[in-house]
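One structure is given below, encoded as structure tokens.
The values are calculated or read from the model by the stated rules, or taken from the named source; none is laboratory data. Because the structure is a prediction, the values reported are computed rather than measured. Glycine gets a Cβ as well: all are built from the backbone with ideal geometry, and neighbour counts include every protein chain shown.
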Amino acid sequence: MDKVPTVLKIPKPQPDSQAAQSYYLQLLRLALEKGAAGRPVPALQETVMMEQGRATYELNRGTMIDVYWMGTNIEREQKLRAIRIPLDRGLIGYRRFIIRADRQAEFNAISTGDGLKPYLACQGLDWPDVDIMRAAAFRVTEVAVLEGLYQQVVAKRCDYFPRGYYEATSELAQRAATYPELVEYQSMVLHYPFAIYFFVRRDNEMLAQWIEQGLERLIDEGEFLAYMEKHPLTRHVFPLNKTITHIHTVHISNPFLPVDTDFSNPRYWFQPADFSPVVDESAPR
């Protein structure tokens with residue numbers, strides 16, 4: 001594919017996911033503007049809602065959507081053209097837990113990965129996180145609809161719902177009246193190297209390079225981090241090293257990340273030291 005259309009199609013957001021949709025859509029628009037090099041910037045058009053598995057299929061077909069943001073893994077990078085710049089600097093891989101408020105004392109007794117493994121986590125259908133956690137011997141159940149994940153925790157059909165570092169706060173605020181039983185657990189973070197990338201069809205190299213060049217310019221000019229620090233989805237977690245006490249960080253590996261992913265590169269990825277001070281506990285590999 002050697003021509004970028006005047007309109008780029010993206011999926012509609014899931015219910016109550018408008019903040020995330022806004023974050024990635026606006027970032028995509030900024031990247032297209034920065035990388036335009038005098039070319040007309042395509043408009044962005046939302047089509048239909050779809051889960052990540054279907055999005056992969058539709059991107060390959062190239063008719064219903066042209067670009068989408070998804071968690072990466074080896075399989076997706078083989079099927080699609082990934083723009084390999086983490087759209088939140090890897091922050092999505094630092095997982096905070098949504099739990100029932102009446103279970104906080106129970107979770108306070110957990111300080112290691114081994115202590116967490118008997119508990120059942122809820123994750124979304126087709127999310128790469130499922131395979132990552134299972135590979136580290138954590139128990140996981142999958143739920144197709146985002147809202148169902150909260151309902152499962154309330155109903156005690158799973159014990160905790162790991163969310164990206166910035167996701168739980170805003171999502172619980174939106175649902176405070178619906179699920180007053182739920183809280184964001186503050187004393188543990190589960191970390192694995194993980195990234196959300198923009199993906200396009202494999203033969204759409206012109207669009208891939210356009211987006212990539214735009215993101216690189218945003219980084220060079222300091223606008224990428226400034227965007228994260230200002231957008232409603234992410235701004236509440238900055239500065240990352242603000243004082244937090246009694247936090248255990250459980251690190252696990254991500255065997256589904258391509259081996260050449262340089263997650264130690266601070267140009268693109270936040271590093272564990274950025275979150276200091278923490279008490280660091282590593283799960284056995």
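In table form, for the structure just shown:
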{"item": "Criterion: in contact with a Cys (Cβ under 8 Å, 6 or more places away or on another chain) and not assigned by TED's automatic domain parsing to the domain that holds Pro11 - qualifying residue of Gln123, Gln152", "result": "Gln152"}
{"item": "Residue check, Arg163 of a type in the set (Lys, Arg) and in contact with a strand residue (DSSP E or B) (Cβ under 7 Å, 6 or more places away or on another chain)", "result": "yes"}
{"item": "Some residue of segment 160-176 being small (Gly, Ala, Ser) and not in a helix (DSSP H, G or I)", "result": "yes"}
{"item": "Members of segment 89-115 that are in contact with a strand residue (DSSP E or B) (Cβ under 8 Å, 6 or more places away or on another chain), crowded, with 18+ Cβ neighbours inside 10 Å and closer than 29 Å to Pro266 by Cα", "result": "Leu91, Ile92, Gly93, Tyr94, Arg95, Arg96, Phe97, Ile98, Gly113"}
{"item": "Extreme residue, farthest from the chain's Cα centre (by Cα), among residues of segment 132-149 that are part of a loop (DSSP other than H, G, I, E, B) and among the aliphatic types (A, V, I, L, M)", "result": "Ala137"}
{"item": "Criterion violated by Arg202 - all others in (1) not in a helix (DSSP H, G or I); (2) not assigned by TED's automatic domain parsing to the domain that holds Ile74 satisfied", "result": "(2)"}
{"item": "Complete set of residues in segment 91-116 that are charged (D, E, K, R), in a helix (DSSP H, G or I) and within 18 Å of His251 (Cβ to Cβ)", "result": "Asp114"}
{"item": "Residue in segment 49-65 that is modelled with pLDDT of 95 or more and either of a type outside the set (A, V, I, L, M, F, W, C) or surrounded by 14 or more Cβ atoms within 10 Å (Cβ to Cβ) (or both) present", "result": "yes"}
{"item": "Criterion violated by Glu77 - all others in (1) closer than 22 Å to Lys12 by Cβ; (2) not assigned by TED's automatic domain parsing to the domain that holds Ser170 satisfied", "result": "(1)"}
{"item": "Of the criteria (1) in the same structural domain as Leu80 (by TED's automatic domain parsing); (2) under 20 Å from the mean Cα position of the chain (by Cα); (3) surrounded by 18 or more Cβ atoms within 10 Å (Cβ to Cβ), which one Ile219 fails", "result": "(3)"}
{"item": "Count of residues meeting criterion [of a type in the set (Gly, Ala, Ser) and either within 14 Å of Tyr119 (Cβ to Cβ) or in contact with a Leu (Cβ under 7 Å, 6 or more places away or on another chain) (or both)] in segment 129-166", "result": "4"}
{"item": "Residues of segment 11-41 that turn out to be outside any loop (DSSP other than H, G, I, E, B), more than 17 Å from the chain's Cα centre (by Cα) and touching a residue at least 24 places away in the same chain (Cβ under 8 Å), as a count", "result": "5"}
{"item": "Val48 vs. criteria within 24 Å of Ile219 (Cα to Cα), part of a loop (DSSP other than H, G, I, E, B) and outside the structural domain of Tyr185 (by TED's automatic domain parsing)", "result": "no"}
{"item": "Sole residue being outside the structural domain of Ser22 (by TED's automatic domain parsing), within 17 Å of the chain's Cα centre (by Cα) and of a type outside the set (Gly, Ala, Ser), chosen from Thr169, Thr249", "result": "Thr169"}
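Residues checked against (1) at pLDDT 95 or above; (2) in the same structural domain as Ser17 (by TED's automatic domain parsing); (3) of a type outside the set (A, V, I, L, M, F, W, C):
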position	(1), (2), (3)
Ser187	no, no, yes
Ile211	yes, yes, no
Ala226	yes, yes, no
Ser253	yes, no, yes
Asn265	yes, no, yes
Tyr268	yes, no, yes
Ser276	no, no, yes
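Residue-wise test of (1) crowded, with 21+ Cβ neighbours inside 10 Å; (2) at pLDDT below 90.
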position: Leu125; (1), (2): no, yes
position: Pro128; (1), (2): yes, yes
position: Arg134; (1), (2): no, no
position: Ala137; (1), (2): no, no
position: Val145; (1), (2): no, yes
position: Tyr150; (1), (2): yes, no
position: Tyr192; (1), (2): yes, no
